[in-house]
Amino acid sequence: MGKLQLRDFQKEDILQMRQNHYNAFIANAPGTGKTIEVLAALTIDRKILSTTLIICPASVTKNWEKEAKKWCSWAKIHRIESRSDRLPRTQCDIYIISWALLQDRTIDLLRIRANTIVADEAHMAKNEDTKRSQVLYGLCHRAKHVMLLTGTPLINAISEYQSLQTLFGNKKPIVIRRLLEDAAPDVPKKTRMILPVTLPSK
């Protein structure tokens, strides 16, 4: 396994999170490496942050698992794949679940007793009236550390941001916000390619 390489601004972010007991709203723009910051934090302070529950879109659960295995080789990792797959008998260090399964696996997630909650694309819980937001609220209020990740903290209204803040309960989170062009100006701009596709009439 290679050594985890962090940019200077990522080191600064992790230090700020650490100083705030890992209660943070990480609102860095897409492409700034929010995933790597979290995995680095889990490695640096594994004794404090384990057991960790990572909640993310279904499309990136496998990527989170792959990156966690790469950079957190010390950890026992389990990705919850369906509504019925059984959890390992022994406690894991990192659990990964999609937003889509959050409501269906509530009882199992409560039994895990996660010390740290990581919510990727946290704006998916901006509506307090949805079941998944309510489940996340309960999980976050039972955890000592909460890290909410989103590159779009404000979508429609300030009330959405305020609803996310309630996930921290009495904790006082810090807010970290960086733009890619400011944090890593050496990263090349996106290359866009247009590929015309002709669809059959049927």
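The values are calculated or read from the model by the stated rules, or taken from the named source; none is laboratory data. Given the structure is predicted, the values throughout are model-derived calculations rather than measurements. Ideal geometry is used to build each Cβ from the backbone, glycine not excepted, and the neighbour counts take in all protein chains shown. These area figures cover heavy atoms from the full protein model, side chains too; ligands, DNA and RNA do not enter into them. Shrake-Rupley method; radii C 1.70, N 1.55, O 1.52, S 1.80 Å.
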**Request:** Just need a number here: residues in segment 132-158 that are at pLDDT 90 or above and either in a helix (DSSP H, G or I) or buried (at least 18 other Cβ atoms within 10 Å of the Cβ) (or both).
**Result:** 17
**Item:** Enumeration of residues in segment 75-111 that are more than 23 Å from Met124 (Cα to Cα) and within 19 Å of the chain's Cα centre (by Cα)
**Value:** Ala75, Lys76, Ile77, Cys92, Asp93
**Prompt:** When you scan segment 119-131, how many residues do you find that are closer than 19 Å to Arg142 by Cβ, surrounded by fewer than 23 Cβ atoms within 10 Å (Cβ to Cβ) and hydrophobic (A, V, I, L, M, F, W, C)?
**Reply:** 0
**Message:** What are the pairs with Cβ atoms under 9 angstrom where one residue, in segment 33-59, is on the phi > 0 side of the Ramachandran plot and the other, located anywhere, is open to solvent by less than 30 Å² (accessible area, probe 1.4 Å) and small (Gly, Ala, Ser)? Sequence gap at least six, or different chains.
**Reply:** Gly33/Ala183; Gly33/Ala184
**Message:** Every residue in segment 159-172 that is in a helix (DSSP H, G or I) and under 25 Å from Ile112 (Cβ atoms), please.
**Reply:** Ser163, Leu164, Gln165, Thr166, Leu167, Phe168
**Request:** Considering only residues that are of a type in the set (S, T, N, Q), buried (at least 22 other Cβ atoms within 10 Å of the Cβ) and not in a helix (DSSP H, G or I), look in segment 29-68 and name the one that is modelled with the highest pLDDT.
**Result:** Thr52
**Request:** Scan (1) farther than 28 Å from Gln5 by Cβ; (2) touching a Phe, Trp or Tyr at 6+ places or on another chain (Cβ under 6 Å); (3) at pLDDT 95 or above for the single condition Ser98 breaks and write down its number.
**Result:** (2)
**Prompt:** Has segment 160-167 got at least one residue that is open to solvent by 40 Å² or more (accessible area, probe 1.4 Å), out of contact with any Pro (no Cβ under 7 Å at 6 or more places or on another chain) and modelled with pLDDT under 90?
**Reply:** yes
**Prompt:** Under the condition of being among the β-branched types (Val, Ile, Thr) and in a helix (DSSP H, G or I), which residue from segment 97-113 is surrounded by the fewest Cβ atoms within 10 Å (Cβ to Cβ)?
**Reply:** Ile107
**Message:** Of all residues being out of contact with any strand residue (DSSP E or B) (no Cβ under 6 Å at 6 or more places or on another chain) and in contact (Cβ under 8 Å) with a residue 24 or more places away in the chain in segment 75-96, which is most open to solvent (accessible area, probe 1.4 Å)? Just the residue, please.
**Reply:** Gln91
**Message:** Can you say whether Thr116 is surrounded by 19 or more Cβ atoms within 10 Å (Cβ to Cβ) and of a type in the set (Ser, Thr, Tyr), as far as the supplied structure shows?
**Reply:** yes
**Request:** Would you mind telling me which numbered condition in (1) farther than 22 Å from Asn63 by Cα; (2) open to solvent by less than 50 Å² (accessible area, probe 1.4 Å) Lys189 fails?
**Result:** (2)
